[in-house]
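Below you'll find the structure, written out as structure tokens, and then a few comments.
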Amino acid sequence: MKYSLVDASIDDIDYLKQAKSNTIYTYANNLTEEEKIKINNYIDNSISKELKEYKIILFNNKTIGCLLIKKQDDGVLLDEIYLEESYRNLGIGTYIIKNILDINNIVYLWVYKENKKAVSLYKRLNFIIVDETESRYYMKYQKSLIVEFKVMTLEENIDLVKYAYKEKDKTLDMYKYVTSLFPELKEIKKDLDINKQIEDIVNKRYYDNFDLLNQKITEYTNIWNKYNDIYLKSLSEYFDISNLKVSKIIANVGIIPIFPRYLDTCSFSIGIVDEEKLIETTSHEILHFFWFEKWKEMFPNYKKEEFETPNLIWKYSEMVVDPILNSKDFNDIFKINYKAYDSFYELYDGELKVMDKLKEIYNKNINISQKMLLGYEYIKKLNI
């Protein structure tokens, strides 16, 4: 569909006023003169204020309509879409709206109830009614969040193995994990180029397993899709978050010993694992994205570096995987006994296990913000 959008200019004001007037008066019936005066004043004032946000719709270089999109809450508001009558029912409007949905995760709009054709179209495009007035519906579109599994590049595998081999943080004991997956690393000669030796080891393993990695993409996708929607819905309700501000979470699949998550890109890494480990790891990592989204909402002056090892907030986020995912809110979905890192179960507050105290807090009949805050205030008092 060869249409184009150009910024509206002052020369378009009269056209925009006429377009807005046509839209309103088509569905606003039996108006008094006073009401008409108010509407006309509204049109005159609003066009002037919003001119910079308007787009003119061109088809074969001819003006055939206009478009107004505004930032709104956690998405955008499709405030106005107008097409000349002779260009309606040709699929142009639908095509424009689909393009808007492609590049925005959340879109809102108002539509007159009498405009049954438009209401039907929006419903087909997965808008839902979230509010209404006597004459209009307020509708919302939100992309379904999905997990997309992708094969990691050779370089990404090498970098992660190098990191795990050299990491000194004993909370994770990465050296144990990486040498169990790559026993050859125990034979590395310290007097030779360590990086080159790691690269050679990973290079061979990567290409030996390349076909298997591609098979795992299909296998993992089929397994996880059985849980995706119900789990993400449960997370949204548990954390009181409508959704993440992305349409997909990327799961990078490689021959790797550790499975880090990356908040900035909403992605995580996973190795060649069985079905239970896939479900356990994927649900665990996705939990972190919702957890930190809630944390940022509660503590807007957060520092991003505090979300990474070995900082206390990072430790706390890893500790609560057990009390959250083993709770009644999630246990029925996966039926897996979730565990945090082994080292956390060795932490004591006097004779009380710290993990037991956190479970007690998260079992309280209070909202998630209160649970997160209570748990954080508790572990801050401890030297962990």
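The values are calculated or read from the model by the stated rules, or taken from the named source; none is laboratory data. Please read these numbers as outputs of a predicted model, since none were measured by experiment. Ideal geometry is used to build each Cβ from the backbone, glycine not excepted, and the neighbour counts take in all protein chains shown.
Just one residue in the set Lys226, Lys140, Lys150 is in contact with a Phe, Trp or Tyr (Cβ under 7 Å, 6 or more places away or on another chain), within 27 Å of Lys245 (Cβ to Cβ) and of a type outside the set (Val, Ile, Thr); that residue is Lys140.
Just for helices (runs of 4 or more DSSP H) wholly inside segment 190-246: which have at least 3 residues that are without any contact (Cβ under 8 Å) to a residue 12 or more places away in the chain?
Numbers: elements: 194-208, 210-224, 228-239.
Output list reads 194-208, 210-224.
Would you pick out the residues in segment 145-172 that are touching a residue at least 12 places away in the same chain (Cβ under 8 Å) and more than 30 Å from the chain's Cα centre (by Cα)? Across segment 145-172, the qualifying residues are Tyr165, Lys170. Among the residues of segment 294-310, those identified as basic (Lys, Arg) and either under 18 Å from the mean Cα position of the chain (by Cα) or surrounded by 13 or more Cβ atoms within 10 Å (Cβ to Cβ) (or both) are Lys294, Lys296, Lys304. Among the candidates Tyr338, Tyr376, Tyr345, single out the residue that is over 30 Å from the mean Cα position of the chain (by Cα) and at pLDDT 95 or above. From the options Tyr338, Tyr376, Tyr345, the qualifying one is Tyr345. Mind counting the residues in segment 73-110 that are under 16 Å from Ile129 (Cα atoms) and aromatic (Phe, Trp, Tyr)? Residues meeting the conditions: 2.
Looking only at segment 339-380, filter to residues that are assigned to a loop (DSSP other than H, G, I, E, B) and in contact with an Asp or Glu (Cβ under 8 Å, 6 or more places away or on another chain); which one of those is surrounded by the most Cβ atoms within 10 Å (Cβ to Cβ)? Talk me through it step by step, then tell me what you get.
Let us first name the residues in segment 339-380 that are assigned to a loop (DSSP other than H, G, I, E, B), namely 339-341, 347, 350-351, 363-367.
Those left that are additionally in contact with an Asp or Glu (Cβ under 8 Å, 6 or more places away or on another chain): 339-341, 367.
Values: Lys339: 15, Ala340: 19, Tyr341: 15, Asn367: 12.
Checking each candidate, the answer is Ala340.
A single member of Tyr163, Tyr122 is buried (at least 16 other Cβ atoms within 10 Å of the Cβ) and of a type in the set (Phe, Trp, Tyr), and it is Tyr122. The set of residues in segment 6-51 being surrounded by 15 or more Cβ atoms within 10 Å (Cβ to Cβ) and touching a Lys or Arg at 6+ places or on another chain (Cβ under 7 Å) consists of Ala8, Ile43, Ile47. Yes or no: Glu318 more than 27 Å from Leu185 (Cα to Cα), in contact with a Leu (Cβ under 8 Å, 6 or more places away or on another chain) and among the charged types (D, E, K, R)? Answer is no for this residue. Considering Tyr108, Tyr54, the condition of being closer than 30 Å to Ile241 by Cβ, touching an Asp or Glu at 6+ places or on another chain (Cβ under 9 Å) and touching a residue at least 12 places away in the same chain (Cβ under 8 Å) is satisfied by Tyr108 alone. Pull up segment 296-334, narrow it to residues that are closer than 17 Å to Ile361 by Cα and among the hydrophobic types (A, V, I, L, M, F, W, C), then point me to the one that is modelled with the lowest pLDDT. Filtering segment 296-334 for residues that are closer than 17 Å to Ile361 by Cα and among the hydrophobic types (A, V, I, L, M, F, W, C), the one modelled with the lowest pLDDT comes out as Phe330. Here Leu109 clears all of (1) under 28 Å from the mean Cα position of the chain (by Cα); (2) at pLDDT below 95; (3) under 30 Å from Gly93 (Cβ atoms) except the condition numbered (2). Within segment 27-42, the set of residues being aliphatic (A, V, I, L, M), within 19 Å of Glu114 (Cα to Cα) and more than 41 Å from the chain's Cα centre (by Cα) comprises just one member, Leu31. Taking the listed residues Ile336, Ile279, Ile313, the one that is β-branched (Val, Ile, Thr), touching a Leu at 6+ places or on another chain (Cβ under 9 Å) and either touching a residue at least 12 places away in the same chain (Cβ under 8 Å) or not in a helix (DSSP H, G or I) (or both) is Ile336, with no other qualifying.
Find the residue count for segment 316-330, including only residues that are over 20 Å from the mean Cα position of the chain (by Cα) and crowded, with 19+ Cβ neighbours inside 10 Å. Lay out the reasoning, then the answer.
Narrowing segment 316-330 to residues over 20 Å from the mean Cα position of the chain (by Cα): 316, 319-320, 322-323, 326-329.
Keeping just the survivors that are crowded, with 19+ Cβ neighbours inside 10 Å gives 316, 319-320, 322-323.
Adding up the residues that qualify gives 5.
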